[in-house]
Amino acid sequence: MGLEQFKSFAKGYDKKIDSNKDVWIYTRVSSKDQESNKSLQTQFESSTRFAKDKNYLVTFRFGGTYESASGDFTRKEFKRLIDEVRRAKLKPHAILINTISRFSRTGGEGVGLASELVNDLGVHLIEVSTGKSTETEDGKIEIYRGLLQARQENIDRLRVTLPGMKRFLENGYWLGKAPKGYDQFGTKVKRAKFHSDKQKIVMNSEGKLLKMAWEWKLKGDKDYIIIQKLCDLGVEITKQIISAMWRNPFYCGISAHKMLDGEVVEGKWEKMVSEQDFLMVQEILNGNRFGYKHEKSNLNRPLNGFISCNACGNKLTGYKVEKKGLHYYKCQSCKGGSINANTTIRSNGQGANNLFQDLLSKFELSSGLHNAFKEQLKMTYETLNNEGENENEIIGLELVKLEDGLKKLKRRFALGDIDDKETFNELKDEFENKIRDLNTRKANNVSKISNLDSYIETSCDVVSNISKYWGSDDIETKKRIQELVFPDGLSLDIKNRVYLTEKTNVIFEITRDIAKDSKDIESKKPTDYIDGSSLVAGTGLEPVTFGL
């Protein structure tokens, strides 16, 4: 009897022969420049030739884009690769990588991940450029050594580049992606239309709408109300993102980047909010930082965050001196001084609140001018409404075309007629920006007033008694009247105790002009106030608007 029949009992005999020839390919570059110089295509072709020479069958391809290897699972395509390997019932024999540094540059973390693939999942790593493979013990050591070496290269590179990056930040430039509301131009941005030889960060159309959110926040609006207002204007924002926005000094032009080691510098980008207003928002969020009791909606300080210092242009901050029980407004940015909120026996002059109420009284309409006011107001409303309706009809037709075009674009991309994702995103953004801009214009147009006569009667009553209404004990009424009459706020010359007005609501311009021409009012014809953009239902004089 021969010995052949006993070979199956010999030590080291493996009855199972691995016949799996399936392999997956992973390609990656770390910068846009590498992507444009066809490095990805070169990696893929090299891996494909290697697979053909070894009689492997390529079943899946991952990567194909540029992703930084500073973190493994911050890379979307890499994470997708690992997730697919872990859940696949029929796993590939190996993953082909052109050079092992394309797989990971995290050092020990990369080695641990490679060990999981090989030892736990039975999936090997093969470096196409050298033929090194985890299929042998020596090969494992070489692959793991390559991963550690890739990490060392990163560390060495950082020692050279970090000082330059820090200087870049210290000179007022920004590292990383600019936050929501900004377009970033530079040499390393993804989209071609934003390429530039020098970094430039500017507020985009969405940012101009977000700028309004800061104003609403300063006036005391809650986040959920601000989110809804932005949504009505076509800006989608979550409560997490808006909460992070309030706390990000980038928006007031300040860089607090972690690479600055605890220092801050002034950035070279457009500010969405002033430094003073940013700090006031922090007060709203976190409480007082100036050593006195601060309440945003105190009835004694309704002008808090509304009036500005004439000397420097920054908003005045309201506060209370507890020992005296008195309220004041103060400029925190210059030596413009402070002013008492209310007139007292010991005060040097009228308080800011009393001065404001006196200012409002100057815009009030006397009873003898009511008929002229109503005739003028009716003509102004009708002019604005007609223009608004006509423009909105044109805008409506254009919106239908754009929305239909956007739907067709998305359908073509879904069906594969457009295979370039970057081109698709650019076209989609263009459509969405135009739609958002038109919706904003439409929302800003004058809306149709259902009961014009009743509305005019109410308006007449309000403009005849505006100072009395402001003197009520309702803080919300005070604030809404302030915003209504002076939509751009007011400047206060603290030293001379004088308000300086620049822009008023068109209704109060009408009352002022009528009063000015009251001598020959019977013969005067109504004036066409076609520029009265603030005369709009919902932000006009309806009692419900400010709680009367």
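The values are calculated or read from the model by the stated rules, or taken from the named source; none is laboratory data. Just so it is clear, the structure is predicted and the values come from calculations on it, not from any experiment. Ligands, DNA and RNA are stripped out before the accessible areas are found, and what is left, the full protein with its side chains, is counted by its heavy atoms. Shrake-Rupley method; radii C 1.70, N 1.55, O 1.52, S 1.80 Å.
Roughly how much of residue 497 is accessible, in Å² to the nearest 10, using a 1.4 Å probe?
60
Could you pull out every residue, at least 5 positions away or on a different chain, whose amide H is within less than 5 Å of the one on residue 62? Hs are placed 1.01 Å off N in the peptide plane, and Pro or chain starts have none.
Long-range HN contacts for residue 62: 25, 26, 27.
I'd like to check one number: the per residue accessible area of the range 90-247, probe 1.4 Å, reported in Å² as a whole number.
Ligands and nucleic acids excluded, the result is 52 Å² per residue.
Enumerate the amide H contacts of residue 185 below 5 Å, restricted to partners 5 or more residues apart or on another chain; note that Pro and chain-start residues carry no placed amide H.
Excluding prolines and chain starts, which carry no amide H, the hits are 200, 201, 202.
Each residue of the range 400-415 in order: what ³J(HN,Hα) in whole Hz does its phi give by Karplus 6.51 cos²θ - 1.76 cosθ + 1.60, θ = phi - 60°, with x for Gly and Pro?
In residue order, the calculated couplings are 4, 4, 5, 5, 5, x, 5, 4, 5, 4, 4, 5, 4, 5, 5, 8 Hz.
Across the range 212-220, in residue order, what do the Karplus-derived ³J(HN,Hα) couplings come to in whole Hz, using 6.51 cos²θ - 1.76 cosθ + 1.60 with θ = phi - 60° and x for Gly and Pro?
5, 4, 5, 5, 5, 4, 5, 7, x
On a 21 Å Cα-Cα criterion, which of the cross-link pairs 180/258; 442/503; 222/323; 208/378 come out too long?
442/503; 222/323; 208/378
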